[in-house]
1. Test each condition in (1) facing chain A (nearest Cβ under 8 Å); (2) in contact with a helix residue (DSSP H, G or I) (Cβ under 9 Å, 6 or more places away or on another chain); (3) charged (D, E, K, R); (4) touching a residue at least 60 places away in the same chain (Cβ under 8 Å) for B:ASP476 and report the one that comes out false.
2. Tell me which residues, restricted to the stretch B:133-158, are of a type in the set (Asp, Glu) and closer than 23 Å to B:TYR67 by Cβ.
3. Restricting to the stretch B:1-18, give me the number of residues that are within 18 Å of A:VAL54 (Cβ to Cβ) and assigned to a loop (DSSP other than H, G, I, E, B).
4. How about the stretch A:185-203: which of its residues are surrounded by fewer than 21 Cβ atoms within 10 Å (Cβ to Cβ), away from every other protein chain (no Cβ under 14 Å) and charged (D, E, K, R)?
5. Right, B:TYR67: buried (at least 19 other Cβ atoms within 10 Å of the Cβ) and assigned to a loop (DSSP other than H, G, I, E, B) or not?
6. Can you give me the number of residues within the stretch B:255-288 that are part of a helix (DSSP H, G or I) and over 27 Å from the mean Cα position of the chain (by Cα)?
7. In the stretch B:445-468, what count of residues is obtained for those that are facing chain A (nearest Cβ under 8 Å) and farther than 22 Å from B:LEU60 by Cβ?
8. State yes or no: is B:ASP12 of a type outside the set (Ser, Thr, Tyr), more than 8 Å from chain A (Cβ to nearest Cβ) and surrounded by fewer than 23 Cβ atoms within 10 Å (Cβ to Cβ)?
Amino acid sequence: MNDPDSVHDAPVRRVAAQSTTAQRRGAIVVGASSGIGAALVRRLVREGYTVGAVARRGDLLDALQEEMKLEPGRVVPLVHDVGQVDEVGPAFATLAQEVGQLEFFVYAAGVMPAVEAQEYNTEKDQLQVQVNLMGAMAWCNQAAMLFHSQRSGTLIGIGSIAGDRGRKGNPAYHATKAGLATYLESLRNRLSEVGVHVLTVKPGFVDTPMTAGLEGLFWVISADKAAETILASARRRFWNTRYVPLRWWAVGMVIRSIPSFLFKRMNI
Amino acid sequence: MSAAVPHDALSDLLVPSSYRFVEGWGMVSGAYARVLEPRSREELQAVMATCHEQRIPICLRGSGRSYGDANHSTQGIVIDLRGVNRILGFDAERGQVEVEGGVSFEQLWKYLLPLGHWPSVVPGTMAPTMAGAAAMNVHGKNNFKVGATGDQILELDLVLPSGEVRTTSRQQDPELFRAVIGSMGFLGCISRLVIQTKPVYSGQVRVAAKSAPNLRAMMEDMAAHVGDADYLVGWVDGFAKGPALGRGLTHIAYHLKPGEDPNAQATLQVSHQELPASILGFPKSEVWRPLRLLNHDRGMRLLNSVKHFMGKREAKRKPYLQSHAGFNFLLDYVPNWKFAYGRQTGRGLIQYQPFVPKERAAEVFERILELCQERGFVAYLGVLKRHRPDDYLLTHALDGWSLALDFKVDPKRRGQLWDLCDAMTEVVLEAGGRFYFAKDLVLGAGAFQRFLPADDLAKFRALKRTLDPHGVLQSDLYRRIFEPLDHPGPLPLTDF
């Protein structure tokens with residue numbers, strides 16, 4: 001054991017292996033088959049990102065993958081219903097491993113079923129809680145754990161100006177978007193100390209399947225324009241909550257300051 | 001075609017999982033991995049058996065307090081044991097506590113103290129799990145007197161990769177027991193332990209400080225108290241040169257005897273043990289930020305000098321009383337103190353802790369301190385402890401001393417720092433010294449071979465082949481120190 005000459009051919013040290021995924025830039029978008037989610041996937045892939053695209057409808061993901069075939073980045077499609085929270089751990093692990101160094105995580109899945117003025121429909125409400133809120137928590141928890149451990153990354157949640165107040169229209173939609181904003185605020189406060197940014201996006205009216213056929217819309221922007229603004233603010237890290245487009249910030253200020261005794265009499 | 005969410009064998013177990021960057025405590029080594037967190041022994045068995053069948057490498061992890069690469073792996077999955085953390089029972093008459101492997105020292109002492117007991121051995125932080133402490137055979141400031149963690153363990157359950165559970169103790173399958181303590185998680189997962197605790201008659205210990213002008217004086221001070229002290233620890237200023245080389249401060253602590261503490265009822269409460277909430281006016285969770293500003297050679301030279309002169313004053317005081325937690329868990333005073341070494345990729349710290357036989361310790365440590373100064377890498381923190389030998393198969397223990405040195409890792413000078421460590425390793429090995437893998441990140445298989453007797457190593461590898469026939473239990477540490485001996489390249493396992 002103490003004969004030094006006999007072992008000098010063995011290596012005295014080997015530096016511990018470093019991560020091999022550090023070179024590739026990756027993103028994950030949940031709710032990627034249409035609307036703002038799909039627009040974000042397109043923009044990121046054009047910039048060269050490998051993007052994990054999660055949605056319930058596989059045919060739309062396939063079409064998106066086909067469309068992006070010649071772009072510098074790549075789409076990694078994954079079919080998943082965000083209501084299945086048990087699947088989220090393995091699904092996230094699969095995608096995160098595939099896309100490389102995760103820079104952006106976007107939760108863009110959301111549903112807003114039509115609700116009549118006098119309709120109190122628990123089934124519709126439950127669906128909205130599952131997709132808009134529970135799914136967001138299951139996925140963002142995973143992203144938060146990864147971002148916290150690697151001490152970098154940007155987590156983006158698509159909320160809504162509808163979350164600013166509980167209006168008459170669709171109580172559960174307002175409630176889930178308000179819940180999402182508060183949940184994201186907590187994540188932001190937890191993650192900021194390790195340099196991770198959490199951005200809550202509050203889009204106004206965006207031309208997407210969700211708003212198709214609705215009347216009385218104004219200041220409507222395209223999903224691509226919304227995606228451009230979202231990515232720019234995510235990178236600039238100035239806003240914690242970003243209204244898209246910015247003029248909705250002023251509207252939000254006004255709406256949030258209306259006292260309830262007036263608000264309940266108003267028809268908005 | 002779009003893929004659906006994979007339904008692999010591990011997902012079907014429905015054990016909470018995440019995918020994250022798993023790093024050693026020193027932050028300079030790590031790997032992305034899928035982390036599974038079993039919540040019971042049954043879930044742990046199921047995860048291990050599945051990995052065994054599917055040939056998926058498993059890295060066992062507790063609180064992740066090992067400084068180097070013992071707790072992460074570039075291949076396979078990581079099992080985080082902290083969810084298997086029930087305290088199963090306490091035999092007050094014998095002072096024996098039965099716990100699951102994921103129970104932390106914090107849980108344990110908070111449970112024991114109001115019952116008038118204290119864990120016989122605790123490390124410098126209360127975060128580690130009991131299974132992790134047993135697997136690395138961690139020690140405390142009383143190593144010279146009561147041995148390390150393994151010496152307090154009366155019995156343990158080991159979950160083998162096949163899912164089978166083996167119970168072992170000094171009486172039952174003693175060969176296995178000797179191998180499991182200090183086995184670094186390469187033989188199986190420790191799911192249950194019976195631990196001998198120590199009755200205490202106060203929530204406080206009596207501490208005396210003694211300032212030492214240099215290393216030899218400090219070692220003489222400590223050696224003089226080996227017979228009577230309960231705890232001995234020396235702080236070393238790595239910056240001092242010449243006749244002051246290795247100057248520092250010794251703390252000598254004693255347990256109180258029955259009746260010595262008139263307020264024993266009160267001091268034995270957990271609330272009495274609270275660590276200070278703020279330090280010099282900073283809330284403790286933020287203290288690493290001002291420390292960050294001092295984290296360079298000039299700042300640390302200043303800090304170490306200030307500590308030395310404060311120590312001289314402290315040594316003039318009469319012995320004082322300090323809570324058990326306050327005395328033992330120095331590393332917990334400043335949460336995330338490691339962030340003072342920088343949080344950017346590649347920055348962090350390594351701890352280099354050689355164990356040297358008592359006859360040559362002074363000379364070796366002096367040489368090491370000089371080497372550091374010559375090469376321009378002075379340790380920002382040095383800690384001197386006295387140890388005693390034990391009979392575990394992969395032991396680092398010996399009748400001698402250890403000097404733990406914390407080095408800042410700057411990615412630009414990483415290679416030079418590793419070269420310095422190689423040079424120090426030569427000095428240590430030549431003197432018959434050993435190393436401790438809870439701390440190490442720099443040794444290679446060659447060095448490992450040189451301090452462990454060849455037949456002990458052969459015994460361990462034979463046992464590993466029997467208990468873990470597919471070789472699934474591994475970590476980056478395993479591949480660094482064992483694999484070059486066993487295999488020419490990585491194991492032929494499916495990447496997961």
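The values are calculated or read from the model by the stated rules, or taken from the named source; none is laboratory data. This structure is a prediction, so every number in the text was calculated from the model and none was measured. Cβ placement follows ideal geometry from the backbone for every residue including glycine, while neighbour counts extend to all protein chains displayed.
1. (2)
2. Across the stretch B:133-158, the qualifying residue is only B:ASP151.
3. 6
4. A:GLU185, A:ARG188
5. It is true that B:TYR67 is buried (at least 19 other Cβ atoms within 10 Å of the Cβ) and assigned to a loop (DSSP other than H, G, I, E, B).
6. Residues of the stretch B:255-288 that are part of a helix (DSSP H, G or I), as a first pass: B:264-267, B:270-273, B:284-286, B:288.
Still in the list and also over 27 Å from the mean Cα position of the chain (by Cα): B:264-267.
Within the stretch B:255-288, residues that are part of a helix (DSSP H, G or I) and over 27 Å from the mean Cα position of the chain (by Cα) number 4.
7. Within the stretch B:445-468, residues that are facing chain A (nearest Cβ under 8 Å) and farther than 22 Å from B:LEU60 by Cβ number 7.
8. yes
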